[in-house]
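Chemist: Quick one: the structure is below, and I'll ask about it shortly.
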Amino acid sequence: MTQDLPARMLRLLSLLQTRRTWSGTELAERLGVTLRTIRRDIDRLRTLGYPVKGTTGTAGGYRLAAGAALPPLLLDDEEAVAVAVALRTATSGVAGIEETAVRALAKLEQVLPARLRHQVAAIQATTAPLPVPWSTGPTADPTVLATLAAACHDHETVTFTYRTGKGETGPRRAEPHSLVAATPVWYLVAYDTGLGEWRLFRADRLTDPAPTGHRVTPRALPAADAA
């Protein structure tokens, strides 16, 4: 691995953005440097405004946390195209997604290289959306979806408040597996630890999701896939 500082810092930032937590040893091995160098580079990122948090213990490590402002993100070509296409084809089911997607896409396309802008435009020009009669209905909070998606990815138990179809509201604790978009309704497929069974939770009835920091081994779904 190159010892060039700017290149190493960019590589370190890219690694921190790919998953929730990295141990210092893992980062040192990936970058081919010492733990001491990793600690110095983490301090440099913090000086630049990146909210990198460090924890100790067997499950300790470094992770990018939420900050007061959104720092720049590093995307490779495929990721940039994927994000741009998703923004161009943003559908219903998420509150305020259409207008927000347009603003985000405008910012992204300003910095896309010409070759990537061409790819995105080509996909958009050859894609025809199919309107469906059930395309309107309840919408989910994008912040809720983002929190649940991160918990699914990290296999992290979450707590939240849930309102049933009968209007009963109460706290839940679950091991999230997947999010399923059944336009326009979003569902969380999760194992409810309180009830001891798999459940489907509608995202629009779910509030205040919070990760617990407790990671679990993914359970086998009682079906071929989440959908």
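Each value in this text was obtained by applying a stated rule to the coordinates, not by laboratory testing. Since this is a predicted model, take the numbers as computed values, not measurements. No Cβ is skipped: glycine too gets one built from the backbone with ideal geometry, and neighbour counts run over all protein chains shown.
Chemist: Got a sec? Charge dipole of the range 142-215, +1 on Cβ for Lys and Arg, -1 for Asp and Glu; which of Pro184, Trp198, Ala149 is way out at the positive end?
Modeler: Pro184
Chemist: Return the ratio Rg/(2.2 N^0.38 Å) for the range 160-214, where Rg is computed over Cα atoms only. Mind dumping the intermediate values first?
Modeler: On the way: Rg = 10.8 Å, N = 55, 2.2 N^0.38 = 10.1 Å.
Dividing the Cα radius of gyration by 2.2 N^0.38 Å gives 1.08.
Chemist: Give the span of the range 5-64's Cα atoms along each principal axis, as three whole-Å numbers ordered largest to smallest.
Modeler: 30, 24, 20
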